[in-house]
Amino acid sequence: MTTPVLYIDADACPVKEEALKVAYRHNMKTYLVSNQWLRMPVSDLVEKIVVSDGFDAADDWIAERAEKGAIVVTGDIPLADRCLKNGAMVLGHNGRPFTQANIGAAMAMRSLKSDLRDMGEISGAGPAFSKKDRSTFLNELERMVQATLRL
């Protein structure tokens, strides 16, 4: 029974504190990966990784390391796809897991929305982040940790 490693795509992640609660509870090595320094109190289990400002630098750092037995927290669909291909489990900020079964549809929807934004058909962000989303996230992350502990 191996404790999973947790990678958090920390730029614009609304559930960093929730993810850290679960990480501390399970003594998980955790990497907070971002393009800028984060002002967050952390323990010896948590390492803050600040990458260059290069395009997708944080994504590349995570994707190069996330493998079977790791859990990745991200809202970035292409990063989720890369990590799934490496065997990692991936959880979106809203608590919905990315899986081999749903990543293709997520990639297609991302592309469609990008095209619609480019044409001016849609604008703005998605729905506001809710307490229910935080609760769903916490429950699903705990489920993923438990599943990884059984590997």
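The values are calculated or read from the model by the stated rules, or taken from the named source; none is laboratory data. This is a predicted model, so every value here is computed, not measured. Neighbour counts run over all protein chains shown; Cβ positions are idealised from the backbone, glycine included.
Given the criteria under 13 Å from residue 144 (Cβ atoms) and not aromatic (Phe, Trp, Tyr), does residue 51 qualify?
Taking the combined requirement at face value, the residue does not satisfy it.
In this structure, does residue 113 turn out to be at pLDDT 70 or above, out of contact with any helix residue (DSSP H, G or I) (no Cβ under 7 Å at 6 or more places or on another chain) and not hydrophobic (A, V, I, L, M, F, W, C)? Step through it out loud before you land on a result.
Values: at pLDDT 70 or above: no; out of contact with any helix residue (DSSP H, G or I) (no Cβ under 7 Å at 6 or more places or on another chain): yes; not hydrophobic (A, V, I, L, M, F, W, C): yes.
In short, no.
Give me the residue from the stretch 22-77 that is in a loop (DSSP other than H, G, I, E, B), acidic (Asp, Glu) and closer than 25 Å to residue 109 by Cβ and, out of that set, modelled with the highest pLDDT. Let's see the steps before the verdict.
The initial filter retains those residues of the stretch 22-77 that are in a loop (DSSP other than H, G, I, E, B), namely 26-29, 35-45, 51-56, 66-69, 74-76.
Still in the list and also acidic (Asp, Glu): 44, 53, 56, 67, 76.
Checking the rest, the ones that are also closer than 25 Å to residue 109 by Cβ come to 56, 76.
Numbers: 56: 87, 76: 92.
Looking at the filtered set, the residue picked out is 76.
Taking the criterion of being farther than 23 Å from residue 130 by Cα, of a type outside the set (Ser, Thr, Tyr) and surrounded by 14 or more Cβ atoms within 10 Å (Cβ to Cβ), would at least one residue in the stretch 13-26 satisfy it?
yes
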